[in-house]
1. Is it the case that Arg347 is outside any loop (DSSP other than H, G, I, E, B) and over 28 Å from Lys401 (Cβ atoms)?
2. Count, please, the residues in the range 318-346 that happen to be surrounded by fewer than 16 Cβ atoms within 10 Å (Cβ to Cβ) and modelled with pLDDT under 95.
3. One residue is enough: does the range 504-511 have a residue meeting the conditions hydrophobic (A, V, I, L, M, F, W, C), touching a helix residue (DSSP H, G or I) at 6+ places or on another chain (Cβ under 7 Å), at pLDDT 90 or above and not in a helix (DSSP H, G or I)?
4. Could you tell me which of the residues Arg500, Arg482 is more than 30 Å from Val421 (Cα to Cα), of a type in the set (D, E, K, R) and without any contact (Cβ under 8 Å) to a residue 40 or more places away in the chain?
5. Exactly one of these conditions fails for Glu202: (1) assigned to a helix (DSSP H, G or I); (2) within 13 Å of Val381 (Cα to Cα); (3) in contact (Cβ under 8 Å) with a residue 12 or more places away in the chain. Give me its number.
6. If you go through the range 149-176, how many residues are hydroxyl-bearing (Ser, Thr, Tyr) and buried (at least 16 other Cβ atoms within 10 Å of the Cβ)?
7. Filter the range 554-596 down to the residues that are assigned to a helix (DSSP H, G or I) and in contact (Cβ under 8 Å) with a residue 60 or more places away in the chain, then identify the one that is surrounded by the most Cβ atoms within 10 Å (Cβ to Cβ).
8. Report, by residue number, each residue of the range 357-391 that is out of contact with any helix residue (DSSP H, G or I) (no Cβ under 7 Å at 6 or more places or on another chain) and of a type in the set (Val, Ile, Thr).
Amino acid sequence: MTRQMNTHAAYLDPILNHCQCNVHDLLQILRQAQEHYGYIHPDAIDYLSEVLALPRAKIEGVASFYSLLYLKPHGEYRVLFSDNITDRMLGNIDLMNSLCSQLWVEPGKVSEDGLLWVNTTSCTGMCDQGPALLVNNIAINRLTAERVSAICELIRERVPLPSWPAEFFAIENNIRRKDILLNSDFESGSALAAMLQRGALETLQEVKISKLRGRGGAGFSTGSKWEFCRAAAGEQHYVVCNADEGEPGTFKDRVLLNSYADMMFEGMTLCGHIIDAKKGFLYLRGEYRYLLDHLQAVLQRRRQQGLLGSNILGHAGFDFDIEIHLGAGAYICGEESALIESLEGKRGTPRNRPPYPVTCGYLNQPTVVNNVETFAAASLVALHGGAWYAGIGTEISSGTKILSVSGDCERPGLYEFPFGVTVAEVLADCGARNTQAVQVSGPSGVCVAANEFDRRIGFEDIPTAGAFMVFNQSRDMFEVARNFVQFFAHESCGFCTPCRVGTSLLGNMMNKLAQGHGSPYDFAEIEKLNVLLQSTSHCGLGQSACNPVLDTIAKFRPAYDQRMMHTEFVPAFDLDHALSQARRMTGRDDTGAHLERDHDTR
């Protein structure tokens, strides 16, 4: 046992030393520990339990919460096919089945030789260039049958991931339309210099004048949030950038992090000065692991330029630095209080609110949480002034919004428009044809039918975190909704019973309709579930889980009616059908070999 502990100490001690044995860094410690064996070894948990003085159950509880952490061997190659609806539309399931067939492995199971594990995962943020997959948490996109066959050969030959063809990992920005943010010729340090010249309080006032609202979808006033946090009592204040964009169909942060990181980090830094914070965190979603080294390099360059660290730009007392925390596959961590729990090394379970993060956030200290686009926009406000920014967009929704456009269109990618743009204008720009519906803001958002395409993107009409998924007339909107329901069931954190059980029941009901066992009874049950989920769920995930079903029932009822094969309730499980294999084995198909049942169908 001592030798085993020493073996694990050899790779764990450097990790622990880097984190200074901080229990709040438990998720980061576990993530790095997994990179040694491809899973978290039981003896490693024993060692961490001893060194960090944490119960083993707590460490295992944290690790088991995140889908990209494994407590058992999952093979040398862990292949996760993105299973967002846009990946489905591009044939991801056929490609996964092809890979499994070529490598003789079943989805969800480790191959007999321990080489490979294949499964599906939620949206990987590659909707503009899918189908996509993750290999050992690194993204590969634009999958084809030929590329899948090449991947099979590389796995079969046990070629290390760094030696795979570089073009497999090439990820494009696909910026299709630029406006004030994406077209900005931003110089590092310029917003900070403008703030120092104007003053911290005066810059806060400019942010309030700009009417900048959070770009995560909820739209809370950025200036008010910063002002509340500045005024809150606490030993320390913190700035957190939420880069955990897990909403299916959203990928704008991926591009901003890749090509506009300076603008985002600068926004975090000026926020830090305004609220008197010395420390900031970028919470990066685990699926964007490939961006980590790039972002670390940007931070280091900014330190060398005097834009991070002590006495920033020579201003005495202006001290601020940023640390990157990488997530590990949990959609719920996009909710700000769940994100803070994860930052503290815990399971990402949403907190009760109030209190809100501005008064009781990270380590129970006042904390500002904004997303990537919001901090980048704040840099523009500091540089050009609040009145300039407020003059763009609409009276209620100032500035611009970056939309992640995917699905049935000629030019998927990023589009930046002033707020107030109509759905029809976006569809025309991206080359969409024969469109029957657009899902705005992901599964938890709103499904817009063709007769509503004059509606506008903005907080006064359709607020959005950025997802804009296009579906043409060939798409079955029932299957679109079913995919979204499966997403919610998969991503429920399990904390509250209404969401944990309700999303699973909803998924079962949608599967029942898909299998031809639907009746009016099932529609009534869906309506009951909606009331239950909306009124009793702990957070927004459960409260919005029925949205895609109710929207598509209201606007695309024929897609459901054709699946209502019965006028009266029938069970989802068909025992007579289940006995068909036994009938084939015995060579019987007479009346006596069948169960009596009611054939009352429409």
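The values are calculated or read from the model by the stated rules, or taken from the named source; none is laboratory data. This one's a predicted model, so the numbers in the text were calculated from it and none came from an experiment. Note: ideal-geometry Cβ built from the backbone for every residue, glycine included; neighbour counts use all protein chains shown.
1. No; evaluated as a whole, the condition is false for this residue.
2. Qualifying residue count, the range 318-346: 0.
3. Checked against the condition, which is being hydrophobic (A, V, I, L, M, F, W, C), touching a helix residue (DSSP H, G or I) at 6+ places or on another chain (Cβ under 7 Å), at pLDDT 90 or above and not in a helix (DSSP H, G or I), the range 504-511 yields no hits at all.
4. Arg500 is the lone residue from the list that is more than 30 Å from Val421 (Cα to Cα), of a type in the set (D, E, K, R) and without any contact (Cβ under 8 Å) to a residue 40 or more places away in the chain.
5. It fails just one condition, (3).
6. Total meeting the criteria: 0.
7. Tyr560
8. The one that is out of contact with any helix residue (DSSP H, G or I) (no Cβ under 7 Å at 6 or more places or on another chain) and of a type in the set (Val, Ile, Thr): Thr359.
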